[in-house]
Amino acid sequence: MPLPGSATVRSRVRIPLTFPDGYRVDADVFTFHGLTDGAEHLALALGTVPEGGTPLVRLHSECLTGDVFGSDRCDCGPQLRESAERIGAAGGYLLYLRQEGRGIGLYNKLDAYALQDSGLDTYDANTALGLPEDGRDYTAAAQMLAALDTTRIDLLSNNPDKAAQLGDLGITVRHRVPTGVHLSASNVRYLRAKVERTGHSIELSQLVG
């Protein structure tokens, strides 16, 4: 389907990033006008794409608990850290999308955590709240890439839905490159559900418990 409207770059600013483990990388951070959902999504340009190369791109949905506070209930924080280094080395974009809790919001995500503690998996907990299993729409991400003159990418993701949505929106995904398996004692059920329920490319043999 065609994009519902074009977006334009609003601003660009360089920010040096230092992660808790000491890894450092410079990011050119882009903001945008005209994104379809009106949210304040960011694109971070990391590294340099080789001449004639295809940028490595990560669509990372915001996760306050994982990205900021280091929650072990998900793999979001480690994926963000991994993505920054891999994109910095290859050259490309980290799109930081304000889609907390697979699009249901922070408070609802925490309510879903409480239901998971009673035995539901991450998807059934959402539906028990009357919410979608995954409410994310990547139209704004496709708009951002188009505004950056990037319509052919390698996608750093375990999630086949991201590649499918981008393809439908006119972004050519040459390769889908899986992230590592970031396993903790607290996220085994969460990762297993992503494999069994929505086909994420995570090697189940690495999941124990």
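Among all positions in the stretch 90-112, there is at least one residue which is of a type in the set (F, W, Y), modelled with pLDDT of 95 or more and under 17 Å from A27 (Cβ atoms).
The strands (runs of 3 or more DSSP E) found entirely in the stretch 1-71 that carry 3 or more residues being loosely packed, with under 15 Cβ neighbours inside 10 Å and at pLDDT 95 or above are 8-18, 24-33.
Within the stretch 72-99, being touching a Leu at 6+ places or on another chain (Cβ under 8 Å), not charged (D, E, K, R) and not in a helix (DSSP H, G or I) holds for G91, G92, Y93, L94, L95, Y96, L97. Consider the stretch 124-148 and keep the residues that are over 17 Å from the mean Cα position of the chain (by Cα), assigned to a helix (DSSP H, G or I) and touching a residue at least 12 places away in the same chain (Cβ under 8 Å). The one that is surrounded by the fewest Cβ atoms within 10 Å (Cβ to Cβ) is A128.
Contact map, the stretch 103-116: first residue within 21 Å of H60 (Cβ to Cβ), second residue of a type in the set (D, E) and surrounded by 14 or more Cβ atoms within 10 Å (Cβ to Cβ), Cβ cut-off under 7 Å, separation 6 or more or different chains; pairs are G103/D134; L106/E100; K109/E100. Being among the aliphatic types (A, V, I, L, M), modelled with pLDDT of 90 or more, on the phi < 0 side of the Ramachandran plot and surrounded by fewer than 14 Cβ atoms within 10 Å (Cβ to Cβ) is a property that holds for A164.
The values are calculated or read from the model by the stated rules, or taken from the named source; none is laboratory data. No experiment lies behind these values; they were computed from the predicted model shown. Neighbour counts are summed over all protein chains in view; Cβ atoms, including those assigned to glycine, are modelled from backbone coordinates with ideal geometry.
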